Every structure is written in C-alpha cells, then in structure tokens.
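> This is the structure I have questions about; it appears just below.
What follows is calculated from the coordinates using simple rules that are stated; it is not laboratory data. The shown structure was predicted, so the numbers you read here are calculated from the model rather than taken from an experiment. Reconstructed Cβ throughout: ideal geometry from the backbone, glycine too, with neighbour counts over all protein chains shown.
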Amino acid sequence: MAYVVTEPCINCKYTNCAAVCPVDAFREGPNFLTIHPDDCIDCDACVPECPVEAIYPDDEVPEKWEHYIELNERLAEQWDEYVINETKDELPNADEWAEKEKSESDIQEEW
Ligand code: SF4
Ligand code: SF4
C-alpha cells in the first residue's frame, strides 16, 4: 500500500505535506507533488497537513481519481531526483486554483 496525491493538489503546492513525511517519500513536479510508492510507509502524517484534502491511502482514493494511483507511481519515477522534504512558498494563485475545476492534463510533467 501507499498514499496517493490526487487532483486537488494541482497548482497548489503548499507543501505542508512533504515537510512532515518521515521517509522523504514526496517528489516535486513543476505544479504537482507525488508520493513514491516504494518509499511511503503508510504513516498517515501527511493527510491532515493538506488543506485541500488531496491525499488518500491507495485503497481509499475516490473512484473518479483512481488513475492517480498509477500517475503517482509514474511521475515519482520521472521526478525521482526531485525529493521535497521541506515547505516552500505556494505557487502564485494557489488559493484561486484551489477552488477551480482541474484535471490531470493540467499537470506539468517537464521541469
Ligand atoms: S499539502 Fe496537499 S495540495 Fe499542498 S502540496 Fe501537499 S498534497 Fe499538494
Ligand atoms: S503516509 Fe507517511 S510515509 Fe507516506 S507519504 Fe504520507 S507522511 Fe510520507
């Protein structure tokens, strides 16, 4: 099992979640964070830190976001060198984006 970052995280990146992870499981993309399933130890610490409820255990991911399980795995490999384990400033317009409809096509994959 592992925890998974889902759609509400796109363009937010408040990063409170990454700072509390005891095993540095988070990887950073330009406008999205993922959890590396090989690193996550299912401790649950990141879940209450996320202000937009983007993080779920993989067996509790809402059906509409189930494809994010595979997406986290793929992007965590792609961004493997971009470990993030501290908070940084959120992206500009993060509050505005938190309210918006978005989809995985809004994820910027290339740094
Ligand atoms: S706190 Fe939530 S929205 Fe912010 S970076 Fe972490 S998972 Fe994404
Ligand atoms: S559940 Fe624990 S180990 Fe997994 S990503 Fe969250 S804080 Fe890290």
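> Rounded to the nearest 500, what is the chain's calculated 222 nm mean residue ellipticity when only DSSP H runs of at least 4 contribute -39500 (n - 2.57) each, over all residues?
When only DSSP H runs of four or more count, the value is -5000 deg cm²/dmol.
> Over all Cα pairs of region 1-64, how is the pair count split among 5 Å bins, expressed in % and running from 0 up to the last occupied bin?
Percent of Cα pairs in each bin: 3, 21, 34, 28, 13, 1.
> When you take every Cα atom in region 68-111, what is the radius of gyration, and what is Dmax, the widest Cα pair distance, in Å?
For region 68-111, the Cα radius of gyration and maximum Cα-Cα distance read 12.4, 30 Å.
> So in the chain, which Cys have no other cysteine's beta-carbon sitting under 4.7 angstrom from theirs?
Within the chain, the cysteines lacking a partner Cβ under 4.7 Å are CYS9, CYS12, CYS21, CYS40, CYS43, CYS50.
> If I stretch the segment between GLU70 and VAL83 completely, what's the gain in nm (0.36 nm per residue apart, minus their alpha carbon distance), one decimal?
So the chain would gain 2.8 nm between GLU70 and VAL83.
> Given contacts defined as C-alpha pairs under 8 Å and at least six residues apart, what's the relative contact order of the chain, whole-number percent?
Working: 208 pairs, mean separation 49.4, N = 111.
Relative CO of the chain lands at 45 percent.
> Scale the Cα Rg of the chain by the rule-of-thumb value 2.2 N^0.38 Å and send over the ratio, two decimals.
0.93
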